[in-house]
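Reviewing the structure listed below.
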Amino acid sequence: MKDPSNGTYWFLLPLIAGFCSHLASSFTTGFSSRCGNRIGTLISIILRDVTGIPLWATGYLLAIKESAALIFQPGKIISGIGWALIVAGGLVIIVALASIRIRAAAPGRDDKLVDNGIYSVIRHPIHTGSGMEFIGIFLLWPTLKVAMAMIVGFAWILLQSWLEERDLNKRMPAYREYSGRIPRFFPHLFRKNI
């Protein structure tokens, strides 16, 4: 039986709009330079937390809801791995948010570098956790639309982290040295600290 919604890709509209809004939130230094620190922070909050995250999350939910034909049938093991990735990704995000606190939602020009806790192991744990969740969602709902959402999500993670690092280098002089010694998304598993 053919699913009539299988040919629609409306989920891409909020997904891409949300990721673009979230990307624009990476220009905290530029907003703060032009509008003052308080207004610059407010603009970043609106772009990331008010429009960005809710829109792309809606796009993901629509991709799941509109999907029909599975690329493969997830069994118990694949489903278990999917749920484990979602939970582990969520825990990574929670630990990261606890480390940077308000700076996650309201970045400002006067932020100080956080290089302890999970940030002593990877520079972008929130993006790592999001990537884990994107994979987990695909393993639970392995459809073409969810695969497309995951690919767009990974493109967003790469671009978002690149833009954030450019902004962080402007806001925090110590960030350049930090980024030279701490990996971006995955910890060095076999590297000994000297």
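The values are calculated or read from the model by the stated rules, or taken from the named source; none is laboratory data. Since the structure is predicted, the reported quantities are computational estimates derived from the model, not experimental observations. When we count neighbours, we look across all protein chains shown, and the Cβ atoms used for this are built from the backbone with ideal geometry, even at glycine.
Identification of helices (runs of 4 or more DSSP H) wholly contained in the range 5-66 with 3 or more residues that are within 26 Å of F138 (Cβ to Cβ) yields 12-24, 53-66. Residues of the range 156-188 that are out of contact with any helix residue (DSSP H, G or I) (no Cβ under 8 Å at 6 or more places or on another chain) and under 30 Å from P74 (Cα atoms): L158, P187.
Candidates are the residues of the range 164-194 that are basic (K, R) and modelled with pLDDT of 85 or more; the one that is surrounded by the most Cβ atoms within 10 Å (Cβ to Cβ) is R184. Pairs meeting the criteria (first residue in the range 23-43 and farther than 25 Å from L158 by Cβ, second residue aliphatic (A, V, I, L, M) and modelled with pLDDT of 80 or more, beta carbons under 9 Å, at least 6 apart or on different chains) are C35/L42; C35/I43.
Take M132 and decide whether it is part of a helix (DSSP H, G or I) and at pLDDT below 95. Let's see the steps before the verdict.
Values: part of a helix (DSSP H, G or I): yes; at pLDDT below 95: no.
Answer is no for this residue.
The single condition among (1) over 15 Å from G18 (Cβ atoms); (2) crowded, with 21+ Cβ neighbours inside 10 Å; (3) under 15 Å from the mean Cα position of the chain (by Cα) that M132 does not satisfy is (2).
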